[in-house]
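First up is the structure itself, then whatever we jot down about it.
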Amino acid sequence: MIRRPWYRRKTSPASCREVGRVLQSYLDNDMDPEWAARVAEHLEACKHCGLEEATYREIKASLSRQKSSVNEDAVARLREFGRSLTDG
Amino acid sequence: MSDPVIDEREQKAAFDRYVVPEIDVLYRVARSITRNATDAEDLVQDTMLRAYRAIGRFDGRHPRAWLLTIMRNAQINRVRRKRPELMRDPDATMDRVASEDEDDADPEAQVLDRGYDAAIESALDALPEKFRTVVELVDVQALSYQEAAGILDVPTGTIMSRLHRARTRIRKHLEQHGGYVNGRPA
């Protein structure tokens, strides 16, 4: 029998402590949908946890913007290298 | 194990189908791994060449994961060759085709974002390498936990643990050096 993670065995409403333990996985959409819904419900009602969520969402959003600096010239050269492999 | 017979035309077609669409992602991952533009380009070329030679053995499933494994092995060899005493995690990954952020913010918000982004970049640079690499793979390049675990050859739980600790460090760095508390200027 597969042992379910602790948070999937819970049936009571999520507490601040529980949400704190799974918040990062929740932000990464790496969570059982049923449990995610309960976390979302808690975040709606709890100002402290909601602020935590907003803070980390801002950090994640900013990090996702960091990738704009990729060198397009380098990628173009690599595509040309790929063509040289298949044309040769 | 002998290679399946594959003619040159099939080899080229498979390369165009499975490898070429991933070049952009491979380069981004290589930048995360090598932290050097020239090394990154060399690593991707090495990866492409190995992939071209091995494409006859590829079953067509999960090309990105397959390419990342090739890249990981190529990087291991390169590091061993250059600095055998400094063997480290060949962090890398690729970029799921994340949709670009919608550019719908007003000018004031964009200026605020730029200041915040600069502070985030500084916090990212201040992270120890093993944390920074995971953040770059998952948060910057949008790889899944599983993809990041594959390229770094560590368990998924390790990725999660490093990622979560790294984000906490970033937050503390913002508070201590960037003047941001809870994501806003203090």
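Give me the dipole magnitude in Debye, nearest 20, for region A:6-87 about the Cα centre, with unit charges on the beta carbon: positive for Lys and Arg, negative for Asp and Glu.
220
How many partner chain Cβ atoms sit within 10 Å of a residue's Cβ in peptide A:48-59, on average, as a whole number? Walk me through the numbers before you get to the answer.
Details: counts 0, 0, 0, 2, 3, 0, 3, 8, 7, 1, 9, 14.
For this peptide, the per-residue mean of nearby foreign Cβ atoms is 4.
Per residue of B:135-145, count partner chain C-beta atoms within 10 Å of its C-beta, then hand back the mean as an integer.
4
In peptide A:75-85, what is the residue-averaged number of other protein chain Cβ atoms found within 10 Å of each Cβ?
Average per residue, whole number: 6.
Quick check: Cα centre of region A:18-39 to Cα centre of region B:118-151, how many Å?
20
Among the listed pairs A:Lys47/B:Lys172; B:Lys82/B:Lys172; B:Lys82/B:Lys130; A:Lys60/B:Lys130, which are separated by more than 28 Å between their Cα atoms?
Pairs exceeding 28 Å: B:Lys82/B:Lys172.
Throughout, read-outs are computed from the coordinates displayed, never taken from laboratory work. Only a predicted model underlies this, so the values are computations on that prediction, with no experimental measurement involved. Note that we place each Cβ from the backbone using ideal geometry, even for glycine, and neighbour counts take in every protein chain shown.
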